[in-house]
Amino acid sequence: DAGVIQSPRHEVTEMGQEVTLRCKPISGHDYLFWYRQTMMRGLELLIYFNNNVPIDDSGMPEDRFSAKMPNASFSTLKIQPSEPRDSAVYFCASRAQGTDTQYFGPGTRLTVL
Amino acid sequence: AQSVSQHNHHVILSEAASLELGCNYSYGGTVNLFWYVQYPGQHLQLLLKYFSGDPLVKGIKGFEAEFIKSKFSFNLRKPSVQWSDTAEYFCAGGRGYQKVTFGTGTKLQVIP
């Protein structure tokens, strides 16, 4: 298995632009998580899905952030409009039902100028 | 609120020194605890986990952690670190499998 795949690996954009981050979970995994990592706040859970349904989005910082999971093999995290304070590394992770280990993707390093 | 805290943000050790990274959690009742590691340029990987049973948990690469319920702690230890252990270490905790809260991480730098 290729593991969790994220794209792009790096994104540099200007303030106000729309940013879309993509994630492909490990095949067969029922849970998908989006995290944000910053120096100040460490690793924060933004939202997670179970069987493509958002379960807990309490970590999403504001309405500019949205996440979707249209099918079991694809999820997006969108920021519109982006702001410099959104600069961070965004990780996607997936987990199989009934197991306890999350598998992380390589992350997307977002820089908003 | 339920949380996990790591008090050491940056630790520098010489090779062969012993390591202990602190982790405290604020959950009451049953809790599942994890340590993850992020090597430079790589994604997070699970080092070890505790769900129940023996409070001393052994993980990969010679790491271990001890769950001390009375202290709400789950400190990570390694008797002798190597340069290749340079990484960022995250403690995490949660109830069940669903939502896991991560600490802010501890950057470990091992000097040859």
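What does the net charge come to around B:P55 if you take all other residues with beta carbon closer than 9 Å to its beta carbon, with K and R at +1 and D and E at -1?
Working: positive: B:K69; negative: B:D54, B:E66.
Summing Lys/Arg as +1 and Asp/Glu as -1 gives -1.
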Quiz item: Tally Lys and Arg at +1 and Asp and Glu at -1 over the other residues with C-beta under 14 Å from the C-beta of B:A65: what net charge comes out?
Solution: +3
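Work out, in µm²/s and without decimals, the Stokes-Einstein translational diffusion coefficient of the protein assembly as shown at 25 °C, 0.890 mPa s, Rh from Kirkwood over C-alpha pairs. List each step's numbers first, then the result.
Numbers: Rh = 18.1 Å.
Here the translational diffusion coefficient equals 136 µm²/s.
Which value, in debye to the nearest 20, gives the size of the charge dipole of chain A about its Cα centre, when Lys and Arg are +1 and Asp and Glu are -1 at the Cβ? Present the calculation step by step, with values, prior to reporting the outcome.
Working: 11 positive and 13 negative charges, 49 e Å.
Rounded to the nearest 20 debye, it is 240 debye.
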Quiz item: Can you give the three extents of the C-alpha atoms in chain A along their principal axes, from longest to shortest, in whole Å?
Solution: 40, 27, 26
Exercise. Could you calculate the FRET efficiency of B:Q109 with A:N52 from 1/(1 + (r/R0)^6), where r is the beta carbon distance between them and R0 is 45 Å, rounded to 0.05?
Key: 0.65
Quiz item: Of all trypsin sites (Lys or Arg not before Pro) in the range A:1-50, which ones are in loop regions per DSSP and have a Cβ with at most 14 other Cβ atoms within 10 Å?
Solution: A:R9, A:R41
Self-check item: Virtual spin-label span in nm between B:S70 and B:S3, 7 Å along Cα→Cβ
Solution: 2.6 nm
Self-check item: Cα centroid of the range B:40-82 to Cα centroid of the range B:83-112, whole Å
Solution: 9 Å
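Sum up the charges of everything whose Cβ sits under 10 Å from the Cβ of A:A67, counting Lys and Arg as +1 and Asp and Glu as -1, but leave A:A67 out. List each step's numbers first, then the result.
On the way: positive: A:K68, A:K78; negative: A:D57.
Net local charge, A:A67 excluded: +1.
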Practice problem: Compare the Cα positions of A:A96, A:P106, A:V53 along the charge dipole of chain A (+1 at Cβ of Lys, Arg; -1 at Cβ of Asp, Glu; about the Cα centre) and return the one farthest towards the positive end. | Solution: A:P106
Quiz item: For the protein assembly as shown, with the dipole built from +1 on Lys and Arg beta-carbon atoms and -1 on Asp and Glu ones, taken about the Cα centre, which of B:A16, A:Q37, A:A67 lies farthest toward the positive end?
Solution: B:A16
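Could you tell me which GluC sites (Glu not before Pro) in the range A:12-113 are loop residues by DSSP with no more than 12 other beta carbons within 10 angstrom of their beta carbon?
Details: sites: A:E14, A:E18, A:E44, A:E62; in loops: A:E14, A:E18, A:E62.
Counting only loop positions with at most 12 other Cβ atoms within 10 Å, the GluC sites (Glu not before Pro) in the range A:12-113 are A:E14, A:E18, A:E62.
None of the figures in this text is laboratory data; all of them are computed from the coordinates on show. All values derive from a computational prediction rather than experimental measurement. Don't worry about glycine lacking a Cβ; one is built from the backbone with ideal geometry, like all the others, and counts go over all protein chains shown.
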